[in-house]
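Everything on this sheet refers to the single structure shown next.
The values are calculated or read from the model by the stated rules, or taken from the named source; none is laboratory data. Quick caveat: nothing in here was measured; it's all calculated off a predicted structure. Glycine also receives a Cβ, built like all others from the backbone with ideal geometry; neighbour counts cover every protein chain displayed.
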Amino acid sequence: MAKLENFILGRWITGDGEGQPLFNAVTGEQIATASTKGIDFKDILRYARTTGNPALRKMSFHERGLMLKNLALYLRNHLDKFYQISYQTGATKADSWVDIEGGIGNLFSYASLRRKFPDESYCLDGEHHVLGKANTFMGHHLLVPKEGVAVHINAFNFPVWGMLEKIAVNLLAGMPAVVKPATVTSFLTEAVVREIIASGILPDGALQLVCGSAGDMLQHVTEQDVVTFTGSASTGLMLKSTPSILSQNVPFTMEADSLNCIVLGNDVTPDMPEWDIFLKEVRKEITTKCGQKCTAIRRIFVPADKIEDVQIALGKYLSQTTIGNPLNEKVRMGSLAGESQRAEVRAQVQKLLASSQLIYGSLDSVQVIDADAQKGAFMSPLLLLNEHPFQSKEVHEIEAFGPVSTLMPYDHLEDAIQLAKMGKGSLVSSIVTADKKIAKSYVLGAGMYHGRILVLNGDCAKESTGHGSPLPLLVHGGPGRAGGGEEMGGIRGVKHYMQRVAIQGSPDMITAISNIYQPGAKGNTGGIHPFKKYFDELQIGDQLLTEKRLITAEDIDQFADLSGDHFYAHLRDTDFSGTMFERQVAHGYLIMSLAAGLFVSSYDKNPVLLNYGIDELRFTKPVYPGSEIQVRFTCKEKTRQEKKEPTDIDKGIVKWLVEIMDETGEITGVATILTMVERKS
């Protein structure tokens with residue numbers, strides 16, 4: 001019998017002993033064993049901290065992001081292999097697509113986020129704060145990668161996505177990972193990690209895998225580590241209570257299974273497109289992955305006067321679901337991940353039946369295609385009805401982690417909101433409605449109890465990724481029962497693996513530390529015009545103080561005629577009493593345009609390829625005819641760009657701080673402009 005291997009300390013090894021048997025969820029045949037017996041978990045964590053962490057910390061965000069992109073491209077070359085193994089977990093082709101290609105998609109998403117970060121291994125966070133009147137003392141926040149390791153303890157339902165969605169974030173942040181997948185489906189995780197290691201794309205120590213028990217691993221975590229857990233709330237609470245986690249305040253992010261719900265708005269009738277949208281969404285969430293999703297719909301709230309119609313319609317929709325061997329192209333729902341999961345679901349359903357009734361499906365029998373219903377972990381979709389949801393605590397407390405959901409009535413939207421809250425926190429809720437007021441009332445009324453809320457109607461249904469699909473750029477997690485943590489979330493997720501440190505000092509010091517020019521810092525003046533320098537030659541702080549330019553009433557009149565902007569404040573004959581202005585005032589965009597005329601190096605061709613845009617443009621003081629403007633133009637930040645094609649011009653993006661001053665020296669306007677600048681090499 002094959003034994004899964006663990007990838008630790010830079011090599012593949014097997015654990016001691018016979019190990020835990022692993023089974024094909026469709027046929028019931030044993031396919032492997034897994035063991036971590038004899039492994040020194042303290043050494044595993046030490047190796048990650050001393051080998052993987054320094055290697056990743058030396059890389060910039062852009063280098064880490066390109067690493068993720070290359071890894072995603074590499075894994076896509078092995079999809080057929082992953083799909084064949086995934087079928088053994090009971091997943092259909094559609095289920096496997098979410099797990100495998102959805103996971104790889106997370107790598108692509110986080111790879112693209114590199115552009116949101118500087119070309120450094122660290123970054124500033126938020127805005128700067130001036131802490132002194134003379135602007136010689138300021139404060140900022142800096143994010144630096146932690147010196148520890150991310151320990152990911154994952155659930156059995158998504159053996160690929162569960163790993164890749166987490167490591168994409170910690171690797172971009174500059175932290176290595178140890179992944180401990182749920183043992184029952186770890187054979188698929190192992191197959192993917194084998195290809196990751198074979199690619200040679202990640203530095204040594206960046207990723208380690210343990211297949212089997214986590215042993216005493218959490219007893220060896222330190223204050224620089226991060227632990228994430230996906231699974232049951234009870235197991236999560238036990239792990240979170242590990243003495244070392246409590247004593248050293250180790251960040252612990254939990255994403256627990258929750259009693260997610262969907263609400264049919266009381267405005268929706270059977271003749272509306274939202275009616276079918278609702279039914280299809282419920283069916284999909286009951287049957288996808290055989291209901292084994294932490295985001296699956298467990299509670300269905302429907303207006304009381306439509307409960308019978310919904311019950312009949314859902315029964316028809318569910319009856320169209322073909323169940324059996326996921327290798328058969330006719331099958332739409334496979335099996336649970338194993339016999340132990342099937343026994344657990346049945347036990348939980350029995351508890352729910354204390355206050356609910358079964359209105360569709362069977363606990364004991366199921367018709368399957370091209371499979372043996374008893375040898376495989378197959379189960380019928382089950383729809384329950386609870387007619388008194390306010391009096392029944394079980395339906396708001398007990399989750400059957402399979403193709404099971406409970407239908408419940410409500411009278412008013414306020415009741416639906418209250419029922420949604422009775423789950424005491426969930427990962428996601430949906431509401432299907434065409435009424436904007438209903439949508440707003442539900443989101444504001446129930447939002448504090450859910451990590452994500454999907455508002456579905458005919459406008460967005462075609463493009464909607466659905467109730468059960470977490471997205472890389474949005475947070476995945478939820479309050480209360482759902483674990484109280486967050487995963488992914490784009491830039492927000494990266495910050496979970498970095499230390500935020502407040503830094504204080506002079507603008508010159510903060511500029512030197514951050515490598516981003518801070519207002520008030522000394523500039524590098526003299527020499528050639530900054531626009532005549534190649535990207536590689538430019539230094540942060542390179543600065544130009546321009547000539548002055550007199551603003552006349554004729555300038556303002558001509559710009560008004562040219563642009564068509566005849567706002568009253570720009571007209572000479574306006575009665576300015578009761579306005580914010582003394583007399584005719586220059587257009588802000590006129591001042592910005594004239595500023596460009598002052599700082600742009602005209603006529604001669606230079607390394608600046610184009611103007612890329614303007615950020616944070618503000619007009620801070622009126623400019624009247626007779627005023628003189630002058631520009632302080634400073635190189636603020638540089639970011640290299642990789643070539644998309646070999647023939648592309650080698651270039652980077654340069655951000656410039658534009659400070660427009662009047663004759664008194666006061667700032668009248670400020671902006672950050674971006675230019676695309678050619679590289680010399």
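For beta carbons closer than 8 Å, sequence separation of 6+ or different chains, a first residue in region 98-119 that is assigned by TED's automatic domain parsing to the domain that holds residue 201 and a second that is buried (at least 21 other Cβ atoms within 10 Å of the Cβ) and hydroxyl-bearing (Ser, Thr, Tyr), the qualifying pairs are 98/288; 99/86; 100/86. Being on the phi < 0 side of the Ramachandran plot, of a type in the set (A, V, I, L, M, F, W, C) and touching a strand residue (DSSP E or B) at 6+ places or on another chain (Cβ under 7 Å) is a description that applies to residue 304. Could you grab the pairs with beta carbons closer than 7 Å, sequence gap of 6+ or different chains, first residue in region 250-276 and farther than 30 Å from residue 398 by Cβ, second one surrounded by 18 or more Cβ atoms within 10 Å (Cβ to Cβ) and acidic (Asp, Glu)? Matching pairs, first to second residue: 250/225. Of the residues making up region 599-623, those that are on the phi < 0 side of the Ramachandran plot and in a loop (DSSP other than H, G, I, E, B) are 600, 601, 602, 604, 605, 606, 607, 620, 621, 622, 623. When 660, 673, 653 are screened for being in contact with a Ser or Thr (Cβ under 6 Å, 6 or more places away or on another chain), within 17 Å of residue 544 (Cα to Cα) and not in a helix (DSSP H, G or I), only 660 passes. Condition test on residue 419, is it of a type outside the set (Val, Ile, Thr), assigned to a helix (DSSP H, G or I) and either within 24 Å of the chain's Cα centre (by Cα) or assigned by TED's automatic domain parsing to the domain that holds residue 232 (or both)? Answer is no for this residue. Within region 492-502, restricting attention to residues that are out of contact with any Pro (no Cβ under 9 Å at 6 or more places or on another chain) and surrounded by 15 or more Cβ atoms within 10 Å (Cβ to Cβ), the residue that is nearest to residue 107 (Cα to Cα) is 494.
Being at pLDDT 95 or above, within 24 Å of the chain's Cα centre (by Cα) and crowded, with 24+ Cβ neighbours inside 10 Å is a condition met by at least one residue of region 262-280. Can you find a residue that is on the phi > 0 side of the Ramachandran plot and either of a type in the set (S, T, N, Q) or in contact with a helix residue (DSSP H, G or I) (Cβ under 7 Å, 6 or more places away or on another chain) (or both) anywhere in region 242-255? Checked against the condition, which is being on the phi > 0 side of the Ramachandran plot and either of a type in the set (S, T, N, Q) or in contact with a helix residue (DSSP H, G or I) (Cβ under 7 Å, 6 or more places away or on another chain) (or both), region 242-255 yields at least one hit. Exactly one residue out of 305, 364 is without any contact (Cβ under 8 Å) to a residue 24 or more places away in the chain, surrounded by fewer than 21 Cβ atoms within 10 Å (Cβ to Cβ) and farther than 25 Å from residue 264 by Cα, and it is 364. Are any residues in region 612-634 out of contact with any helix residue (DSSP H, G or I) (no Cβ under 6 Å at 6 or more places or on another chain) and touching a residue at least 60 places away in the same chain (Cβ under 8 Å), and if so, which ones? Once the filter is applied, which keeps residues that are out of contact with any helix residue (DSSP H, G or I) (no Cβ under 6 Å at 6 or more places or on another chain) and touching a residue at least 60 places away in the same chain (Cβ under 8 Å), region 612-634 yields 612, 613, 614, 624, 626, 627, 628, 629, 630, 632, 634.
In region 369-406, of all residues being farther than 15 Å from residue 351 by Cα and surrounded by 24 or more Cβ atoms within 10 Å (Cβ to Cβ), the one that is nearest to the chain's Cα centre (by Cα) corresponds to 403.
In region 65-85, is there at least one residue being surrounded by fewer than 21 Cβ atoms within 10 Å (Cβ to Cβ), among the small types (Gly, Ala, Ser) and touching a residue at least 40 places away in the same chain (Cβ under 8 Å)? Scanning region 65-85 turns up no residue that is surrounded by fewer than 21 Cβ atoms within 10 Å (Cβ to Cβ), among the small types (Gly, Ala, Ser) and touching a residue at least 40 places away in the same chain (Cβ under 8 Å).
The residues of region 126-161 that are within 30 Å of residue 45 (Cα to Cα) and modelled with pLDDT under 90, listed by number, are 155, 156, 157, 158. Restricting 284, 289, 280, 240 to those that are under 20 Å from residue 160 (Cα atoms) and of a type in the set (Lys, Arg) reduces the list to 289. Among the conditions (1) in contact with a Leu (Cβ under 7 Å, 6 or more places away or on another chain); (2) at pLDDT 90 or above; (3) among the hydrophobic types (A, V, I, L, M, F, W, C), residue 297 misses just one, which is (1). A single entry from 428, 455, 395 fulfils the requirement of being at pLDDT 90 or above and touching a Lys or Arg at 6+ places or on another chain (Cβ under 6 Å): 428.
Regarding residue 52, is this residue touching a Pro at 6+ places or on another chain (Cβ under 9 Å) and within 20 Å of residue 166 (Cα to Cα)? Judged against the criteria, residue 52 is a match. When region 386-412 is filtered for residues that are aliphatic (A, V, I, L, M) and more than 26 Å from residue 339 (Cα to Cα), the ones remaining, listed by number, are 407, 408.
Taking first residues from region 554-582 that are in contact (Cβ under 8 Å) with a residue 40 or more places away in the chain and partners that are of a type in the set (S, T, N, Q), the Cβ contacts under 9 Å between residues at least 6 apart in sequence or on separate chains come to 556/584; 581/574. Say whether the condition of being closer than 19 Å to residue 315 by Cα and among the aromatic types (Phe, Trp, Tyr) is met by at least one residue in region 275-288. For region 275-288, residues closer than 19 Å to residue 315 by Cα and among the aromatic types (Phe, Trp, Tyr): present. Aliphatic (A, V, I, L, M) and either within 20 Å of the chain's Cα centre (by Cα) or surrounded by fewer than 24 Cβ atoms within 10 Å (Cβ to Cβ) (or both): is that true of residue 202 in this structure? Yes: the conditions hold for residue 202.
Taking region 476-548 as the region of interest, the strands (runs of 3 or more DSSP E) fully inside it that hold 1 or more residues being more than 30 Å from the chain's Cα centre (by Cα) and closer than 26 Å to residue 132 by Cβ are 498-505, 543-545.
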